[in-house]
Amino acid sequence: MAALDSLRGFGILLVVLGHTSWSAGLVSWIFSFHMPLFFIISGMLFHERQFLDSFKRKAIRLLVPYVFFGTVTLAYWALIERRLRGDEGSVPNALANIVLARAGSDNYPQNAALWFLPCLFVTEMLFLGIFTFVKSKRAIRYDWAVAATLATVSFLSIIAMHSFDLPIDRLRLPWALDILPFSMLFYCIGYLLSRFLMPCMRKSKPKASLHAVYAAIGMAGLGLLRVFDELTGLSVNLNDASTSNPFWMLCAALLGFISSLMLCVAIDYRLLQFLGRASLTIMCVHEPVKRVLIFVMAKILGMNTDALRANLVYAMLVTVVTVAICVTVHLIMGRFAPVLIGSSRHNLASQGKARA
């Protein structure tokens, strides 16, 4: 769906910028909703399938790229970047973690963004398993009640984790299970929202006169979110399974999602749609690419890397060039090894026909 592709494209731009910039206010604003946005989109696109068939599809879509990019970027980091930068990260731990899939930057020194793929895989499989089981037992009459119940349990789990201040940063669970309450909450919210939003989005495009209205509402909402984050002092980091306030986190995620969706419906820009379709590759590739670009640009400009990242103009320039390189990688791999980016030649051909 074009609007959701655009939304993914917008989201992945925020991911790269959030990992590049060291502007505290900007990063806090981005982190307050950018990863919840991806889980909400995934929940909106949920399709009930036979479990083993879905397991195979999702493993190809998420785990094959995870293992491939995890291994390749680990080799690059261990053999080249680690020695040049004098990093103290553990190579054996990073190698073992490709199998263990524990979240946290220390476990992915080569590519911190990789935690998202196994986390999404576990979230989708668990949701489908529970959804299918409950429906088969007819324990709950309405489909939406399953998602609502899971969302409630997940939110209460987040509150408990926050209230008891569990030492998650010192004991990361395999396969990002410590992030599951967060990911499941937003995935379920996406499923619930799809019941209302998808019928509207499948209708004909809004009139041109409404585009400006939607864009204004979206921009206003994102501006309001920035103010909201500053007033509440909200901090969110799903990679660390942490938030300063679970309730404010939920409010910020919903406001960010709705505002971003309104903006993307108004823009309806094909470049954003393309970036959305390439978002998995960009997610997997941008971290090491971004680090190299920051190092090279700092040398050229005679600047400290910290100062460069604190400058918003330079951070945005690094973001644009990083995304361009990632898109090039996506196009090359889509032609010669589509399975490694979670796709296939058949799917790519279908997308081309749909765009034509």
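The values are calculated or read from the model by the stated rules, or taken from the named source; none is laboratory data. Just so it is clear, the structure is predicted and the values come from calculations on it, not from any experiment. We place every Cβ from the backbone using ideal geometry, glycine too, and count neighbours over all the protein chains shown. Calculation scope for accessible area: heavy atoms of the full protein, side chains included, ligands and nucleic acids excluded. Shrake-Rupley method; radii C 1.70, N 1.55, O 1.52, S 1.80 Å.
Data overview
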item: Nearest-10 value in Å² for the accessible area of T243, using the 1.4 Å probe; result: 20
item: Protection proxy ranking of 129-138, 172-181, 2-11, 57-66 - average other beta-carbon atoms within 10 Å, highest first; result: 2-11, 172-181, 57-66, 129-138
item: Relative contact order computed over the chain (Cα-Cα under 8 Å; 6+ residues apart), in percent; result: 33
item: Chain lengthening between L312 and L95 when straightened (0.36 nm per residue, less Cα-Cα); result: 74.7 nm
item: Stretch in the chain that is longest and holds no GluC sites (Glu not before Pro) that DSSP places in a loop and that have at most 12 other beta carbons within 10 Å; result: 89-356
item: Packing-based order for 90-96, 38-44, using average beta carbon neighbours within 10 Å, highest first; result: 38-44, 90-96
item: The range 1-130: C-alpha gyration tensor shape, a/c 1.5 cut-off, then a/b vs b/c; result: oblate
item: Mean Cα-pair separation over length for the range 153-267, i.e. relative contact order, pairs under 8 Å, 6 or more apart, %; result: 34
item: Contour excess over end-to-end distance, with Cα ends at A75 and D143 and 0.36 nm allotted per residue; result: 20.0 nm
item: Fully extended contour minus Cα-Cα distance, from N245 to R202, at 0.36 nm per residue; result: 12.0 nm
item: Accessible surface of the range 99-175 [probe 1.4 Å, protein heavy atoms]: carbon and sulfur percent; result: 64
item: Accessible area per residue, Å², the range 115-192 with all protein chains present, probe 1.4 Å; result: 49
item: Accessible surface, per residue, of the range 1-105 when the full set of protein chains is kept, probe 1.4 Å, Å²; result: 43
item: Shape category assigned to the chain from the gyration tensor of Cα positions, a/c cut at 1.5; result: rounded
item: Longest to shortest principal axis, alpha-carbon extents of the range 62-191, angstrom; result: 59, 34, 20
item: Where Cα atoms sit under 30 Å apart: lysine pairs in the chain separated by 8 or more or lying on different chains; result: 13
item: Largest-first principal axis extents, alpha carbons of the range 39-87, Å; result: 48, 22, 10
